[in-house]
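The values are calculated or read from the model by the stated rules, or taken from the named source; none is laboratory data. It should be emphasised that the depicted structure is a prediction, and the values quoted were computed from it without experimental measurement. When we count neighbours, we look across all protein chains shown, and the Cβ atoms used for this are built from the backbone with ideal geometry, even at glycine.
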Amino acid sequence: MKGLWRCAVLAMCLVISFASGTTAAPEGRKVIIDTDPGADDAMAILLALNSPELDVKALTVVAGNVVVEQGLENALKLVSLAGRCDVLVASGASHPLVQQLVTAEFFHGANGLGNVELPAPACRADTSFAPDLIIKLVHQYPNKITLVPVGPLTNLALALRKDPSIVPLVKEVVLMGGAISGGNATAAAEANIYNDPEAARVVFEAGWPLTMVGLNVTGKTVFTRADLNRLARTQGRENDFAVGVLNFMVDLASKLGGNGTPMHDPLAVGAVIDRSLITTQDMWVEVETRGEFTRGETVASRHNSSDRKVWRDGRYVIDGVEKVNPNVHVAVESDGKRLIELFISRIAGK
């Protein structure tokens, strides 16, 4: 009888627990978003902050689309807009490792947010230097942090140079950058990699799990005027801000001959939320830092091999093929329609 009584009590406790909603919620994937906000960065950040699959620990800011001071202000305004002052926001590198800074207000608006104004931020910046905060959080959560850089890779390179021991402690790096089919900053190079090729080389050669979400797949995630009209039917602070920024982006794309704006950075975040949004192929990828026309290009070996050459009779002779081990999961396909649906579903009415 006592055994039956205990079972009945246990069953009742479980029923009460489920009914009261006290069961533990699934833990979100811990992420640090390294960003240069940036209109599409802002959309990626809002997607992340409104996705229960992710536990956003920090936004680390780097100079890129805008100067770092503007980027920090934008990041603070975004977490304030979302009511997420629990997310750490820290300022990082103000210029690339070697070259001069190139900003892109033409594509992002004078304030980086499509000229949409937000109230002064209620959240305050963390006093840490962004690369130091990355190091601290990676050590605090070993093998649990996914780094999601959606800007130039300067902050990550500085963190690696200061503390290479973080490499085996990072769960994964999923970056928006690069391409295997031409660039947008130049004919060969994508903007994030082009803005600091030396930093990109450090990151690509670090030896950690790395996924590259490049232009060849982000270009398939076009947010159209029809999509914008759908989102505009709902209201909310974040919803209305997103509509304003996307209106700027879609208008600019139209002026440049497009039928919508690619959601570059949101796809990288989307791939962390739902990996099935992209299909990858493992490749050996190197970053070109010296070419006159190809500086910043991500050069991918689709066959992971190269000719083996030996010196013979006054010339080099190919005598076989050498295999190379892939270092990057390269996104080769993306489901743009599902990404747009995911974005709208997470932002609508917020």
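Just give me the residues in segment 315-350 being in a strand (DSSP E or B) and at pLDDT 95 or above, in sequence order.
Val328, His329, Val330, Ala331, Val332, Glu333, Ser334
Quick one: in segment 48-106, which of the residues that are more than 19 Å from Ala185 (Cβ to Cβ) and free of Cβ contacts under 8 Å to residues at least 12 places away in the same chain is surrounded by the fewest Cβ atoms within 10 Å (Cβ to Cβ)?
Asp86
Which ranges mark the strands (runs of 3 or more DSSP E) fully within segment 156-266 that have 1 or more residues being charged (D, E, K, R)?
In segment 156-266, the matching strands (runs of 3 or more DSSP E) lie at 170-176.
Applying the selection to segment 236-281, what residues are surrounded by fewer than 17 Cβ atoms within 10 Å (Cβ to Cβ) and within 19 Å of the chain's Cα centre (by Cα)?
Asp274, Arg275, Ser276, Thr279, Gln281
How about segment 297-314: which of its residues are charged (D, E, K, R) and either modelled with pLDDT under 90 or farther than 28 Å from Pro197 by Cβ (or both)?
Of everything in segment 297-314, those that are charged (D, E, K, R) and either modelled with pLDDT under 90 or farther than 28 Å from Pro197 by Cβ (or both) turn out to be Arg302, Asp307, Arg308, Lys309, Arg312, Asp313.
For segment 40-72, how many residues are in contact with an Asp or Glu (Cβ under 7 Å, 6 or more places away or on another chain), hydroxyl-bearing (Ser, Thr, Tyr) and over 23 Å from Lys136 (Cα atoms)?
Selection size over segment 40-72: 0.
Could you count how many residues in segment 286-314 are out of contact with any helix residue (DSSP H, G or I) (no Cβ under 9 Å at 6 or more places or on another chain), part of a strand (DSSP E or B), within 27 Å of Val202 (Cα to Cα) and of a type outside the set (Lys, Arg)?
6
Quick check on this structure: which one of Gly114, Gly151, Gly109 is touching a Leu at 6+ places or on another chain (Cβ under 8 Å), touching a residue at least 24 places away in the same chain (Cβ under 8 Å), buried (at least 18 other Cβ atoms within 10 Å of the Cβ) and closer than 28 Å to Gly244 by Cβ?
Gly114
Does segment 178-191 contain at least one residue that is surrounded by 19 or more Cβ atoms within 10 Å (Cβ to Cβ), out of contact with any helix residue (DSSP H, G or I) (no Cβ under 9 Å at 6 or more places or on another chain) and at pLDDT 95 or above?
no
Any chance segment 226-235 includes a residue that's under 17 Å from Val287 (Cα atoms) and surrounded by fewer than 24 Cβ atoms within 10 Å (Cβ to Cβ)?
Looking through segment 226-235, none of the residues is under 17 Å from Val287 (Cα atoms) and surrounded by fewer than 24 Cβ atoms within 10 Å (Cβ to Cβ).
From Leu118, Leu156, which residue is more than 29 Å from Gly236 (Cβ to Cβ) and modelled with pLDDT of 95 or more?
Sole residue among the options that is more than 29 Å from Gly236 (Cβ to Cβ) and modelled with pLDDT of 95 or more: Leu156.
Considering only segment 125-147, I want to know if a residue exists there that is basic (Lys, Arg) and more than 20 Å from the chain's Cα centre (by Cα).
Checking segment 125-147: not a single residue is basic (Lys, Arg) and more than 20 Å from the chain's Cα centre (by Cα).
If you check every pair at least six apart or on different chains, which have Cβ atoms under 9 Å apart with a residue in segment 290-315 that is without any contact (Cβ under 8 Å) to a residue 12 or more places away in the chain and surrounded by fewer than 16 Cβ atoms within 10 Å (Cβ to Cβ) first and a residue that is hydroxyl-bearing (Ser, Thr, Tyr) and not in a loop (DSSP other than H, G, I, E, B) second?
Lys309/Tyr316; Val310/Tyr316
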